[in-house]
Every structure is written in structure tokens, then in C-alpha cells.
Amino acid sequence: MSSAQTKVIISCAFFLFIFLFGYWLNRSRKPYNTLLITLHKLIALGAAVYLIIMLVQLGRIAPLQPLQISAAVVTAVCFAGTAATGVLLSFEKDWPDMVHALHHVTPYLTLISTAALLYLMI
């Protein structure tokens, strides 16, 4: 198995676990189980850090192309939006339906942008 394939598999595993824990949290009611929400957040953070490390390593091998940089920025914005709405929902407060809707959409945007970034990087 090549290094590129390994990176894609690891990235897919991160997203699989993020989505599984997210669905599990969605099915539970507030207050959320502390262990579940902590694992969900840590796995998401790990995925973001893993992508950053991959970008830095790639940038050391060869300069990043403008399209790769653009994809990385879009992915970072998607990750930030997903994280921000997730943090809001983790508080024991009722939020407008828009926050819930955004947190149901942004993870998929993050997944798509990450897939595009991986495609451009590898």
C-alpha cells in the first residue's frame, strides 16, 4: 500500500468516526454524555491536525499550488464552521434552528472539501 493510499484511508477513518459519534450524539438528548462529546471533538481535532501535518509535509516537498492552497482554505473554513456550530450546540442552551441546520450541513461540506483537498494533494 502506498503512502498516499494510507493517508486517504486514515483520513476516511477520521471522518467515519466523527460521523458515527456525531450521529450517536444526535440520537441522545441533552445533556450530552461527556465521554461521547469529548471523543467526537477530539477525533475532529485530530482530523484537522492530521490534514495540517499532511499539508506542511507536502509543502516541504514542493511548493503548494494555488488550487491546493485554495482547497486548504475552503477546508479550514468548513472545519471552523463545523466546530463553531458544534461548540454552540454542546452548551446547555436552546439555539435557533439555523444553528442546528448549519451543524447538519457543515460536516458534509467539510467532508467534500477535504476529499477535494486530498485529491489535489495526492
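Points worth noting:
- Single residue of the range 24-56 satisfying the filter (aromatic (F, W, Y) and at pLDDT 90 or above) that is farthest from F91 (Cα to Cα): Y50
- Of the residues screened, F19 is one that is within 24 Å of H104 (Cα to Cα) and in contact (Cβ under 8 Å) with a residue 40 or more places away in the chain.
- Hits in the range 22-60 - residues which are within 22 Å of L118 (Cβ to Cβ), free of Cβ contacts under 8 Å to residues at least 40 places away in the same chain and more than 15 Å from the chain's Cα centre (by Cα): V56, Q57, G59, R60
- For the criterion of being in contact with a Pro (Cβ under 9 Å, 6 or more places away or on another chain), surrounded by 11 or more Cβ atoms within 10 Å (Cβ to Cβ), of a type in the set (F, W, Y) and in a helix (DSSP H, G or I), F15 passes.
- Filter result for A101 (within 16 Å of the chain's Cα centre (by Cα) and either of a type in the set (A, V, I, L, M, F, W, C) or closer than 21 Å to W24 by Cβ (or both)): no
The values are calculated or read from the model by the stated rules, or taken from the named source; none is laboratory data. These numbers come from a predicted model, not from an experiment. FYI the Cβ positions are ideal-geometry reconstructions off the backbone, even for glycines, and counts take in every protein chain you see.
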